[in-house]
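Notes follow once the structure below has been shown.
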Amino acid sequence: MLHGIDVSAYQSSSYDTDGLSFVFVKATEGRSYVNPRLGEQTQRGRNAGLVVGFYHFLWPGNLAAQAEYFVGKAPVKAGDLLAVDWERTSEGTYATNSEKDQFIKKVKALRPDNRVVLYCNRDFWLNVDTTSYAGDALWIADYVTAGKPRIQATWRFHQYTSDPLDKNVADFGSKAALREWAGGA
């Protein structure tokens, strides 16, 4: 298992990269929010030689506009990963299965050279998702032992804790294998 983290505006731009192979940086949310630390957090990961991914917090509605906003703000580099964060919004709503699927497909169409993954928690995967469509890979949040999420589906990334920050593992044998997979969209 490879270790990584995900960061947003709540984390420092000088996060610790020791022992990490990858980082996911929050890029956007909806159609109006951009992480003010996006550039600095991205550069920190690149400087450390990490595989870098970006995620968009999905709101219901305006899927094409959200996808275009996300790819317009997320840095463009071959081998970067793109993810959709599918969960409840601060208003308690969430994008439907169809909207989630449409968003992933639109991002894949706009960025055909980048892998696109679905991030969701175990409850969403087991009780909300009805299509099992995760684009190129599933990134599951389940706060249990690293690498042992309580789902039957194949996953590539597992967020196993948020204490003191979001920590993840990736199901790859080496950073080179992750980098090769990420570049093989």
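None of the figures in this text is laboratory data; all of them are computed from the coordinates on show. Since we're looking at a predicted model, the values are computed, not measured. Cβ sites come from the backbone with ideal geometry, for glycine too, and all protein chains shown count toward neighbours.
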Exercise. Given labels modelled 7 Å from the Cα in the Cβ direction, how far is it in nm from T93 to S12?
Worked result: 3.8
Exercise. Using a cut-off of 27 Å between alpha-carbon atoms, which lysines can reach K106, once sequence neighbours fewer than 8 places away in the same chain are excluded?
Worked result: K26, K73, K77
For this session: Just subtract the alpha-carbon distance of H3 and T131 from 0.36 nm times their residue separation and send over the number in nm, one decimal.
Result: 43.2 nm
For this session: Would you mind getting the Kirkwood hydrodynamic radius of the chain from its Cα pairs, rounded to one decimal in Å?
Result: 16.2
Problem set entry | Taking only Cα atoms of region 7-57, radius of gyration then Dmax in Å | 10.5, 34
Problem set entry | Label-point separation, Q43 to A177 (7 Å along Cα→Cβ), nm | 3.4
For this session: Pull up all non-local amide H partners of A141: gap of 5 or more, or a different chain, and H-to-H distance under 5 Å with H placed in the peptide plane.
Result: C120, N121, R122, Q159
For this session: Distance between Cα centroids, region 1-58 to region 128-171: provide it in whole Å.
Result: 17
